[in-house]
1. Which members of the stretch 303-323 meet the condition of being buried (at least 21 other Cβ atoms within 10 Å of the Cβ) and assigned to a strand (DSSP E or B)?
2. Within the stretch 276-326, how many residues are closer than 28 Å to Ala357 by Cα and touching a Gly at 6+ places or on another chain (Cβ under 9 Å)?
3. Which residue out of Ile258, Ile165, Ile174 is farther than 22 Å from Gly422 by Cβ and within 16 Å of the ligand (Cβ to nearest atom)?
4. Looking at Leu68 and the list (1) within 16 Å of the ligand (Cβ to nearest atom); (2) open to solvent by less than 10 Å² (accessible area, probe 1.4 Å); (3) of a type outside the set (Phe, Trp, Tyr), which single condition is not satisfied?
5. Residues of the stretch 423-451 being within 16 Å of the ligand (Cβ to nearest atom) and of a type in the set (D, E, K, R), which ones?
6. Restricting the search to the stretch 265-303, which residues are within 24 Å of Pro197 (Cα to Cα) and β-branched (Val, Ile, Thr)?
7. Of everything in the stretch 391-407 that's of a type outside the set (A, V, I, L, M, F, W, C) and crowded, with 23+ Cβ neighbours inside 10 Å, which residue is nearest to the ligand (Cβ to nearest atom)?
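The values are calculated or read from the model by the stated rules, or taken from the named source; none is laboratory data. Owing to the predicted nature of the structure, the values given are computational and were not obtained by experimental measurement. Please note: Cβ atoms are built from the backbone with ideal geometry, for glycine as well, and neighbour counts cover all protein chains shown. Just the protein is used for accessible areas: all its heavy atoms, side chains included, with ligands, DNA and RNA removed. Shrake-Rupley method; radii C 1.70, N 1.55, O 1.52, S 1.80 Å.
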Amino acid sequence: MAAHPSPSTHRLPVEHLRELVRLPTMSRTEVEQTDWAPFEAFVEALPRMYPAVHGALTREIIAGHSLLYRWKGTDDGPPTVLMAHYDVVPATEDGWEHPPFAAELTGNGESELIWGRGTLDDKGSLVAVLEGVEAAVLAGAVPRSDLYLSFGHDEETVGGGAQAIVDELASRGIRPGLVLDEGGAVVEGVFPGVAEPIAVVGVSEKGIVTLTLSVDQGGGHASTPPRLSATARLARAIVRLNRRPFPSGLTPTNVEMIETLGGHASGPLRWVFTNLWLTRPLLLRLFGRLSDETAAMVRTTQAVTQLSGSQAANALAERAVATVNIRVAVGSSVAEAVEHVRRAVRDPRVTIAVPQASEPSPVSPTTGPAWELVRSTIVETYPGTIVTPYVMLAASDSRHFARISDHVYRFSPFRMSAQERGTLHAMNERMHVATFLDGVRFYTRLVRALSN
Ligand SMILES: [Zn+2]
């Protein structure tokens, strides 16, 4: 590896990130409303920023704007895939302290911040990956097995880019030995009684069901309503559903997390966390109440996100519809979730439809070389950090890779405070410059560890 970086080269990754954050690559739910010019500018900017990467690796454009790089290895062992995405959630300047696409810097030293949509999610990771590979190529390294970089362009909406990349790799018979995507981070103060920083690495992610409840009924004038209108029937169904949460339970990943972290807890909590055979019911209640995040870790969640009724203020609804967004716990299934809703609603006149569903991801192991590489790279980058598996609550592009790999891990190598995590998909997304540079060090180490 190169010796200590000079101050100017040390700033280069930050300037690269700033330039890419300034490109408003916003994913739109209505795909035809996407402005593709910033995406094209993004794809064009990379070879100029990373000449060594673009000399040593091949690059294919898949599904219009997703990028798949391949760095040919010296052996034919199972390849590694490093993933990120470069689309971002839409943002306007409203409510931002610093504009979302200006990449402004504030503060100095440890408190220096880079502001902008995509800094944490997920251009920071993408730039850190490319910096790591660029440094390795310049140092004359070559990976032992093939190294792929998979950069999706529509993770925040349909994830079609990542799916197409997986289709492509599958058709070539490729089975990666390690896939690493965004996900958990280095966090503090989230687990009661544990003072040390914790690196949470996603080994699975929950499934998703989008389900609609609808009631069709003869309309009419609102002055002569029936006893139970379509909207009232729908509301009753929603209340019934809300009164009946999914059962809670600890998955094997929950147990491994609690035991790993419990060993570092102080006082009586240590005893509670490390004697699960006795304290399991108590812990389930604790997780259910501690925070919305811990509650979501131990059960399938359900949230009514959309409601619609009549078009007019004085007309009865002929059709009333509620959308329910369900996140299916690992160990459960889409079918179980739908059955739970049907039983909770217990009304044959409420029609249940399932326009979209995906099962929870398989659980990747927390033993073996792939896990060990991720774990040791985290500990070397963040000394004193406890590494634990967890189940990711949100969905990411990496779930498509479970089709072709048994070793899919979800970890963003950045320290994130609760406040910073709160800016994901929200206003004032920002990242500490020192944190970003730690992420660059993480990927630099990882790529070197995969190379000769
Ligand atoms: Zn993301």
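1. Ala320, Ala322
2. Counting residues in the stretch 276-326 that are closer than 28 Å to Ala357 by Cα and touching a Gly at 6+ places or on another chain (Cβ under 9 Å) gives 13.
3. The conditions single out Ile165.
4. Answer for Leu68: the failing condition is (1).
5. Glu429, Arg430, listed by residue number.
6. Result: Val272, Thr274, Thr294, Val298.
7. Ser396
Every residue, every condition in (1) hydroxyl-bearing (Ser, Thr, Tyr); (2) modelled with pLDDT under 95; (3) more than 27 Å from the chain's Cα centre (by Cα), yes or no:
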residue	(1), (2), (3)
Ala37	no, no, no
Glu44	no, no, no
Pro51	no, no, yes
Gly55	no, no, yes
Ile62	no, no, no
His65	no, no, no
Tyr69	yes, no, no
Gly73	no, no, yes
Thr80	yes, no, no
